[in-house]
Amino acid sequence: MPDLEQTLIDYSLGLLKRKDSEEVETLIAKDKQVAQQFSVVQDSLCLMGTSARHAKPNDDLKARVMEICESAKPEITPHPLELLNLAPALPIKRYIGGGASVDLGDLGKSDLKDRVNRLYEGMLELRDLVCGTSAASEGDLSELCKSADSISVELPKHNSVCSNGVSSVPHEQAIQSFLRTQLTSLPSMGYFLKKIREGFGNAGDARRLFYLRRDQMKIMRASFADLDATLLAEDEKLRLHGAGLLRTKWWGAEHSYYNRPGKVMCGNFFEGPVTERCVEFAEYDSNLYCFANLLGSKSENGGFQIELDNSKIPECVLATLSAITSSENHSELKDIIVKKYHRETMDEDGYLAHLVKSSISRAFQLSTTSEALNTKLLGCERTGNQTLLWFVWPAILPNHGGGEATTSNPLQ
Amino acid sequence: MKVVEEEFWERIATGDTSALAELYDSIGTKLFSLSYQILNDRWDAEEVVQDAFAALWKKPQAFNPQKGKLTSWLMVLVRNRSVDRYRSRKRRKDTASLDTVLEVHPADESEDIPSSASQTDEKQLLGSAIENLPPKQIKVLKLSYFKGLTHPEIAQELGISLGTVKSRIRLGVEKLRLSLPNSLR
């Protein structure tokens, strides 16, 4: 039966359309002979796969695989009841990011504009040194170590960002854009660069730098429209970003807000898209970094757990970050989250919370940032000895028309 | 072998993490090599392998032992996810040339020494299976398998008819099948 064999080969290679794939699946399920033939086709193709040139994964891959399995316990942290009764009003048109973007000129005459440009150039320099084809990715950090000192990445010092010319910026939104480039992924990047510079790094640190650098550049482009217009145009294209991207990145990762490292665990992560475009993903990511930095710096051991759920709140995705905290640190976190915005007195922690509030206000088209807090679209609560930070984001509905095309892969 | 793999799967389905660790030890490097050959990017390949194991752990019933071997299923899963990712990257004009992926790679000197006789046998079996294929069939199979090109894309790339592409793939797979041990045919 050459036609059937051809169909089974095409099916295994992901070449069939969805409808045809479904027909093959039905046939395999009800006809034992077809199932047997399918099994042989798969084994034959497996031989092709085994012919791939030998490449050894980094040693920490197995550890990450095992961490995934050992920590995949759903909902370790119980959600407060008030959170489960949320039913937020959704805007008619779904927010797809980009609303926080300003031009570099909006930073005024300050040297902040130069700092942003220099930082972006530093990220470009770092790109080839930590990418998946770099020597560092294979565990050879000599080139990265050598270059790490000369890369023009100006790392912020803790509690110095807000006092460094920020208050003279006339444009409110520009202050937020600038701080987003300084306070989200950059502090953790500083931690890993320092490790590398001091000769304590390994391939896993290079991998973490790869993610942080990529996120940093996306966040920077989403914050300043004229920073890299060519790549921003790519970021603005419709391209679904799944929760899996976040899970893979955060699972078992070491994260550090300045010099407070801790381990990140991932609990329940739903399967499906979270954002529609890179610019939206950058904003979502930025919110996660803000809360990760706040919570990590106040948790008992620097570590925390992330969960993403799309079943608790109608047509919304709920992101929760939880960690064991002392009651003093919990109170402090709660104060930071509920604190009203005062430009003159706002410190870095306050801005981390404010950036998330602003983002949620944009996503739900609220008139004030305090409305986001009052309607529980973000918040901070205590459950047992843990602090729970959360924010809510409009979900992408199942009948969404666009997005990333994939092979009609029957096995995924 | 199939029985052993079914045992792995049954243990994984009951939440036995040591079974997953053993499965990783036996096939992790092969899966990574496959993904790395397609993507030519270490971080991407690691992500694909990590996600494949996570998918199996989270939803073991996605694999059905009635439909074949667990390792074959995982290889197909990793291959298809890698190809998806490769295509996505290609759309963003961020990909290596065809030649990079299709060049013949000599055995890596640092390659692990097979730890058992069965591994040696498997390599010999595999070597002869691929060697026995006519070069034209190998080329079409590689474009399809490692590059994820569709039949029309391969036809265009090589300047041959669609029917020729299909028949070369089918004949290639048939010859690979003949190299499988009788018990698996």
* Structure fact -> Within the stretch A:326-346, the residues whose backbone N lies under 14 Å from a label point placed 7 Å from the Cα of residue A:163 along the Cα-to-Cβ direction are A:345-346
* Sequence-distant lysines (8 or more away, or on other chains) whose Cα lies within less than 18 Å of residue A:237 -> A:93, A:218, B:90, B:93
* **Amide H contacts of residue A:317 (H built 1.01 Å from N, under 5 Å, at least 5 apart or other chain)** => A:393, A:395
* Asked: What is the gain in length, in nm to one decimal, between residue B:161 and residue B:4 on full extension, counting 0.36 nm per residue of separation less the C-alpha to C-alpha distance?
  -> 52.2 nm
* Counted charge near residue A:5, where neighbours are those whose Cβ lies closer than 12 Å (Asp, Glu -1; Lys, Arg +1) -> 0
* Gaussian network model of chain A, Cα within-10 Å springs - most flexible of A:69, A:162, A:290 -> A:69
* Give me the lysines in straight-line cross-link reach of residue A:56: C-alpha distance below 22 Å, same-chain residues under 8 apart excluded. => A:249, B:30, B:123, B:142, B:147
* **Inter-site label distance for residue A:200 and residue A:311 at 7 Å from Cα along Cβ, in nm** => 4.1
* Structure fact -> In terms of the alpha carbon gyration tensor, root eigenvalues a ≥ b ≥ c, rounded if a/c is under 1.5 and otherwise prolate when a/b exceeds b/c or oblate, the stretch A:60-394 is rounded
* To do: Add +1 for every Lys or Arg and -1 for every Asp or Glu among the other residues with Cβ under 15 Å from the Cβ of residue A:109, and state the total.
  => -2
* Spatially proximal aspartates and glutamates relative to residue B:59 (Cα-Cα < 13 Å; intrachain offsets below 8 disregarded) -> A:271, B:10, B:51
* Average beta carbon contacts from partner chains per residue of B:130-138, 10 Å cutoff -> 1
* **MRE, 222 nm, helices only [DSSP H, n ≥ 4, -39500 (n - 2.57), over the protein assembly as shown, to nearest 500]** => -17500 deg cm²/dmol
* Structure fact -> Dividing the mean separation of Cα pairs under 8 Å (6+ apart) by the residue count of chain A yields a relative contact order in percent of 19
* At most 16 other Cβ atoms within 10 Å and a DSSP loop assignment: could you name the GluC sites (Glu not before Pro) in the stretch A:310-382 that fit? => A:315, A:344
* **Length released on extending from residue B:22 to residue B:90, taking residue separation times 0.36 nm less the Cα-Cα span** => 21.0 nm
* Structure fact -> At 10 °C in a medium of viscosity 1.306 mPa s, the protein assembly as shown has a Stokes-Einstein diffusion coefficient, with Rh taken as the Kirkwood radius over alpha carbon pairs, in µm² per second, of 62
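Quick note: the coordinates plus some simple rules give every number you see, no bench work behind them. Bear in mind the structure is a predicted one, so any value in this text is a computation, not a measurement. With ideal geometry, Cβ positions are generated from the backbone for all residues, glycine too; neighbour counts draw on all protein chains shown.
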